[in-house]
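I have placed the structure first, in the form of structure tokens, so that the comments after it can refer back to it.
The values are calculated or read from the model by the stated rules, or taken from the named source; none is laboratory data. Small disclaimer: the values here were computed from a predicted structure and weren't measured. Because the Cβ atoms are built from the backbone with ideal geometry, glycine has one as well, and the counts that use them run over all protein chains shown. These area figures cover heavy atoms from the full protein model, side chains too; ligands, DNA and RNA do not enter into them. Shrake-Rupley method; radii C 1.70, N 1.55, O 1.52, S 1.80 Å.
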Amino acid sequence: MSTLTIPSPHELIAPAQRGERESMVLNMGPHHPSTHGVLRLVVDLDGETVVDVAPDVGFLHTGIEKTMESKTYQKAVVLTDRMDYLAPLSNNLSYVLAVEKLLECEVPERAQTARVLLTELTRIGSHLVWLGTHALDLAAMSVFLYAFREREQILDIFELVSGARMMTSYFRVGGLAYDLPADFIPTVQVFLDTFGQRIDEYEDLLTNNPLWLERTVGVGTITAADAIALGLTGANLRATGVPYDMRKMVPYIGYETYDFDVPVGKNGDIYDRYLVRIAELRQSRKIAYQALERLQQMPSGDYVTRDRKIAPPPKHEITHSMESLIHHFKLWTEGFKPPVGDAYSAVESPRGIHGTYIVSDGSPKPYRVHFRAPSFINLQALPHMARGRYLADLVALIASIDPVLGEVDR
Amino acid sequence: MDIFQIIFLVVQALIITLAVTTGFAYLTWYERRLLARFQNRIGPNRAGPLGLLQPAADAVKLFFKEDVIPTASDKVVYLLAPVLAVMTAIVIWAVIPFGCFNLNGDHTACFDPARRDEVWNALQVAEVNIGILFILAVTSIGVYGITLAGWASNSKYAMLGGIRSSAQLISYELAFGMAVLSVVMFGGTLSTWEIVLAQEGLWFFIPLILGFLLFMISATAELVRAPFDLVEAEQELTSGYNTEYGSMKFALFFMSEYIKMIAMSAIATTLFLGGWRFPGLETLGNGVAELAGPWPAAIIVGLVSLGSFLLKVALFLFVFVWLRASWPRMRYDQLMQFGWKTLLPLAILNLVLVPVVIVLVPDNRYIQTAILFVLGIATIFGAARIGGRGRVKRTVELVQPVPEGQQSSVANSSSSAQPTRGTAS
């Protein structure tokens, strides 16, 4: 099990400074073109071969979990966007589900369907960034721009529903922040119709490209047992052959009613992670189509719970009803108070299992919030995968693990 | 050689140096615009019409950058490296014939190898009878600039880049040299001028298709262009050998790289694509000579041959940019393996095939060409097949896992329930 350990940066730097090592210690990052943000890697190099690598995280620490303790439950939603900034809606969902569990609140069907559709679009958008940056890290530069062209359409859809392109904060405790706009359905329809062909285009460029195969097949292999021991989740785990997907294992927001498969790899190398994520793009498109069809069948209806203790009443009610005015006042001045207790919810974010654990002391603000951030845990596998490989593989490995540093550091 | 000729040579050299550096500036523009087209973008279009002033803006920017010399560097070598890099890149141009503008006013001499002494070509600086050797020598010296830059900077990234460059050059130099040697054999000369003339009616890329392919691959590696751009792999080494270089010193490296790229395209044109030749050029010259006399004919032939040469060079440059837009980068070890285990054997095979065919079928260019072309294509496909052998097409499996709650109730025989497996996609 010793290969699963993660050295500290100091362990590698100190002997080199004392001149006890023949190998070279290279400091990659935090400002490096391919560390996907502000990851610092201390790499012990023997020529071009990586002897050991120590990831040093914390350069993007924003204290999100602590800040949440001073925000009301509803206000804290906006902080979740800032963690995994490539999949803000998945984070929103994870947090919102935990609070809803605490409150035992019912969410209308229409809101749940919209949540499914939007989180699947988030998954597509996030995987597109992964695909683009992964290809860019191996210098297949054009794929990056093609992937971002499609992501742009997804961001446009987010802008349409929430007004923001990245920090959407569109999911609220009890449902959605606003109703879906009128041209939402046709816009999504257009995107999904063209997207299938786009995936084929990416595959044409990469899947059978000999150089791409050279760089990815058999590189960074990890066994299923090691992956589980390190706590890998998401595509990184599924590429090793373990069909674990929260949407199937512990279905939430009605995923059990959708027809989709879980793509699973065999070898656990970079190429399998690539194949799994590409297949997930197709599966997400399939789910999004089903959700879209359901939304077309219920064009109007509640988008947020009718429980006035949680969601504010509509504007026109406030002018007529004293009770509504009081609810509005209470919600805006102090927020809702969940019962004393704790709740955990987990969703399948694009990067793996994103979990939220909330402890409530009965006040309108959470006593403690903790996130199980998949990027942080997946990054643990980097030293294990990278030892004995080449420096160039290290770059490919970071890309294939697909960490988002905002989420790693929180 | 009288004094006038010496002055003329100096002026010629100056003009070519300036032309080449301008060519470099516009190559950056060409590459960026072209790359943008490949990538669904627009590219630089703000400075001047179509962004044509962009190179000038870039140059001004680099001129006004602070000139930093790292304290830990070896200053003399550090300063010398970019000079060495750019100098070798420019010197290659001395032996390349860009066209034929006979200053003796007789265009027919351009097309006759026997009348070489009657040609005073304004479009070639030095007609050396070992031009090919000169090219091979100078392209190899160019790597010193990169290696020394990497070493003298005293920076880890730069050193890795420098080491990579020397390893890469050693791996590709042999295949490169052998590919060029097949041209020498087929053309029967070491002079660039005579190689161009020998390609009358038959550009060498047809009989030497294998050599041409080997030449293009190893030339890309020599140029450290994608997919062999390990030396400055941005994603791995931030900027590789030139990490510690800024301002005009960086610009010189950049310049050397792009000038080498044009030079390599020019060499490829000269060796394989008939140089400045163009079908019907001689007939055109004769026609003009009949109508307007020898001087206009010489001028027309000079202009058309130059245009034809530049067109072919632009074609090669397009290929280099195209490669960059579409291929991922190779890894250090894979590059060496490819060089030693794939390119070198193929180059040796090519070097055996060409003389054997020439000896077996003497004095018949067209039969030689047919045999060599068929053999070359067969070798290429054979090599591709062998290279692709053992590569299994992999797919993902589509699975329907059983939800966690149902596992214990459905299958309690084993602790981990087997998921139901669907068909593979």
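Quick one: among A:Ala111, A:Ala235, A:Ala279, which has the greatest mean-square fluctuation in a GNM of chain A with alpha-carbon springs under 10 angstrom?
A:Ala279
With only alpha-carbon pairs counted, each pair once and no self-pairs, how large is the Kirkwood hydrodynamic radius of chain A in angstroms?
Details: mean 1/r = 0.0449 Å⁻¹.
Result for chain A, one decimal place: 22.3 Å.
For chain B, what does -39500 (n - 2.57) per DSSP helix run (n ≥ 4), summed and divided by total residues, give at 222 nm, in deg cm²/dmol to the nearest 500?
So the calculated ellipticity at 222 nm is -21000 deg cm²/dmol.
If amide H atoms are built 1.01 Å from N in the plane of the peptide, which residues on other chains or at least 5 residues away come under 5 Å of the amide H of A:Val50?
A:Gly388, A:Arg389, A:Tyr390, A:Leu391
Starting from the Kirkwood radius over alpha-carbon pairs of chain B, derive D by Stokes-Einstein at 10 °C in a medium of 1.306 mPa s and give it in µm² s⁻¹. If you can, show how the numbers build up before the last one.
Working: Rh = 24.3 Å.
Stokes-Einstein gives a translational diffusion coefficient of 65 µm²/s.
Between A:Lys266 and B:Arg37, what is the label-to-label distance in nm when each label sits 7 Å out along the Cα-to-Cβ direction?
4.3 nm
Please give the FRET efficiency for B:Ser140 paired with B:Leu14, using the beta carbon to beta carbon distance and R0 = 25 Å, rounded to the nearest 0.05. Please report the intermediate quantities before stating the final value.
Numbers: r = 26 Å, r/R0 = 1.03.
Approximately 0.45, to the nearest 0.05.
Enter the angle in degrees (range 0 to 90, nearest 10) between the Cα long axis of helix B:294-326 and the first principal axis of the Cα atoms of chain B, meaning the one along which they spread out most.
Helix B:294-326 sits at roughly 10 degrees to that axis.
Take peptide A:388-400, look around each residue's Cβ out to 10 angstrom, count Cβ atoms belonging to other protein chains, and average those counts.
On the way: counts 0, 1, 5, 7, 13, 4, 1, 5, 5, 0, 1, 1, 0.
The shielding value for this peptide is 3.
How would you classify the stretch A:201-309 from its alpha-carbon gyration tensor, with a ≥ b ≥ c the square roots of the eigenvalues: rounded for a/c under 1.5, else prolate if a/b is greater than b/c, otherwise oblate?
Details: a/c = 3.49, a/b = 1.79, b/c = 1.95.
Here the stretch A:201-309 falls in the oblate category.
Calculate the spin-label point distance for A:Thr5 paired with B:Arg365, positioning each point 7 Å from the Cα along the beta-carbon direction, and give it in nanometres.
Going by the 7 Å Cα→Cβ label model, 7.2 nm.
Hey, how many Å between the Cα centroid of the stretch A:121-153 and the Cα centroid of the stretch A:253-267?
Here the answer is 22 Å between Cα centres.
Give the average over all directions of the projected area of the C-alpha convex hull of the stretch B:24-120, one decimal, in nm². Each step should come with its number before you reach the end.
Numbers: hull surface 46.8 nm².
Result: a mean projected hull area of 11.7 nm².
Relative contact order, percent, of the stretch A:9-167 when contacts are C-alpha pairs under 8 Å separated by at least 6 residues? Before the final figure, lay out each step's value.
Values: 172 pairs, mean separation 20.7, N = 159.
The value is 13 percent.
Return the single residue from B:Thr139, B:Thr192, B:Thr22 with maximal mean-square fluctuation; model: Gaussian network over chain B, springs between Cα atoms under 10 Å.
B:Thr22
Mind listing the long-range amide H neighbours of A:Gly175? Cut-off is under 5 Å, sequence gap 5 or more, other chains count too, H placed in the peptide plane at 1.01 Å from N.
Those lying under 5 Å, H to H, from A:Gly175 are A:Thr305.
Long-range amide H contacts for B:Val125: which residues qualify at under 5 Å (H placed 1.01 Å from N, peptide plane, sequence gap of 5 or more or a different chain)?
HN-HN under 5 Å from B:Val125: B:Ile96.
Which log10 I(q)/I(0) values does the protein assembly as shown give at q = 0.06, 0.09 Å⁻¹ under the Debye formula, counting every alpha carbon as one identical point scatterer?
-0.51, -0.96
Using protein heavy atoms only (no ligands, DNA or RNA), what is the total accessible area buried between A and B, 1.4 Å probe, nearest 100 Å²?
Details: alone 16970 and 21620 Å², together 34170 Å².
Rounded to the nearest hundred, the buried surface is 4400 Å².
Gain in length, A:Ser300 to A:Asp193, computed as 0.36 nm per residue apart minus the alpha-carbon separation, to one decimal in nm? Let's see the in-between values first.
Numbers: separation 107, 0.36 × 107 = 38.52 nm, distance 2.35 nm.
Contour length minus the Cα-Cα distance gives 36.2 nm.
When ligands, DNA and RNA are left out and all protein chains stay put, how many square angstrom of accessible area per residue does the protein assembly as shown have with a 1.4 Å probe? List each step's numbers first, then the result.
Values: 34170 Å² over 835 residues.
On a per-residue basis, the protein assembly as shown sits at 41 Å².
Within the stretch B:169-202, what residues put their amide N at less than 15 Å from the label point 7 Å along the Cα-to-Cβ vector of B:Asn129?
Flagged as within label range: B:188-195.
As a test of the formula, what do you get for chain A when each DSSP H run with n ≥ 4 contributes -39,500 (n - 2.57) and the sum is divided by the residue count, at 222 nm and rounded to the nearest 500 deg cm²/dmol?
-15000 deg cm²/dmol
If the elastic network links every pair of Cα atoms under 10 Å, which of A:Tyr146, A:Tyr170, A:Tyr85 fluctuates the most in the Gaussian network model of chain A?
Comparing A:Tyr146, A:Tyr170, A:Tyr85 in a Gaussian network model of chain A, the most mobile one is A:Tyr146.
Net charge around A:Leu176, counting only other residues with Cβ within less than 11 Å of its Cβ (Lys, Arg = +1; Asp, Glu = -1)?
On the way: positive: A:Arg110, A:Arg115, A:Arg172; negative: A:Asp179, A:Asp302.
Neighbourhood net charge equals +1.
For the stretch B:1-64, give the percent of accessible area contributed by carbon and sulfur heavy atoms, probe 1.4 Å, rounded to a whole number. List each step's numbers first, then the result.
On the way: 3030 of 4050 Å².
In the stretch B:1-64, the share of accessible area belonging to carbon and sulfur is 75 percent.
Compute the acute angle (0 to 90°) between the alpha-carbon long axis of helix B:344-360 and the principal axis of greatest extent of the alpha-carbon atoms of chain B; round to the nearest 10°.
Helix B:344-360 and the main axis of chain B meet at about 40 degrees.
Relative contact order for chain B: what is it in percent, counting Cα pairs under 8 Å that are at least 6 residues apart? Can you show the working numbers first?
On the way: 619 pairs, mean separation 83.6, N = 425.
Across chain B, relative contact order equals 20 percent.
Counting alpha carbon pairs within less than 8 Å and at least 6 residues apart, what relative contact order, in whole percent, applies to the stretch A:2-56?
Relative contact order, the stretch A:2-56: 34 percent.
Between A:Ala225 and A:Glu256, what is the FRET efficiency for a Förster distance of 30 Å, r being their Cβ-Cβ separation, to the nearest 0.05? Walk me through the numbers before you get to the answer.
Values: r = 29 Å, r/R0 = 0.96.
Efficiency for this residue pair is about 0.55.
Can you work out the Karplus-derived ³J(HN,Hα) for every residue in the stretch A:59-74? Use 6.51 cos²θ - 1.76 cosθ + 1.60 with θ = phi - 60°, whole Hz, and x for glycine or proline.
In residue order, the calculated couplings are 6, 10, 5, 10, x, 5, 4, 5, 4, 4, 5, 9, 10, 5, 4, 5 Hz.
Please compute the average number of Cβ atoms from other chains found within 10 Å of each residue's Cβ in peptide A:277-287. Don't skip to the answer; put the middle values down first.
Values: counts 1, 1, 5, 1, 0, 2, 2, 0, 0, 0, 0.
Taking all residues of A:277-287 together, the mean is 1.
Quick one: go through the stretch B:132-173 and flag any residue whose amide nitrogen is under 16 Å from the point 7 Å out along the Cα-to-Cβ line of B:Leu80.
B:141-154
Using the Karplus curve 6.51 cos²θ - 1.76 cosθ + 1.60 with θ = phi - 60°, work out ³J(HN,Hα) for each residue of the stretch A:383-389 in order, rounded to whole Hz, and write x for Gly and Pro.
Ordered by residue, 3J(HN,Hα) equals x, 4, 6, 8, 4, x, 8 Hz.
Summarise the accessible area of the stretch B:254-384 (1.4 Å probe, protein heavy atoms) by the percent that is carbon and sulfur. Present the calculation step by step, with values, prior to reporting the outcome.
On the way: 4500 of 5800 Å².
On the stretch B:254-384, the fraction of accessible area on carbon and sulfur atoms equals 78 percent.
Per residue in the stretch A:22-56, which ones lose no less than 20 Å² of accessible surface when going from chain alone to all protein chains (1.4 Å probe)?
Those residues are A:Met24, A:Val25, A:Leu26, A:His32, A:Pro33, A:Glu48.
Quick one: angle between helix B:365-388 and the longest Cα principal axis of chain B, in degrees between 0 and 90, rounded to 10, please.
Between helix and principal axis, roughly 20 degrees.
HN-Hα J couplings of the stretch B:145-162 from phi, Karplus 6.51/-1.76/1.60, θ = phi - 60°, integer Hz, Gly and Pro as x?
Those phi angles translate into x, 5, 4, 5, 4, x, 6, 6, 5, 6, 10, 5, 4, 5, 5, 4, x, x Hz.
Between B:Val392 and A:Asp307, what is the label-point separation in nm under the 7 Å Cα-to-beta-carbon projection?
For the pair A:Asp307/B:Val392, the computed spacing is 5.2 nm.
If you take the beta carbon distance between B:Leu202 and A:Leu160 as r and set R0 to 45 Å, what does 1/(1 + (r/R0)^6) give as a FRET efficiency, to the nearest 0.05?
Details: r = 62 Å, r/R0 = 1.38.
Calculated transfer efficiency: 0.15.
With a sphere of radius 13 Å drawn around the Cβ of A:Ser375, what net charge do the other residues whose Cβ falls strictly inside it have (Lys, Arg +1; Asp, Glu -1)?
Local charge sum for A:Ser375: -1.
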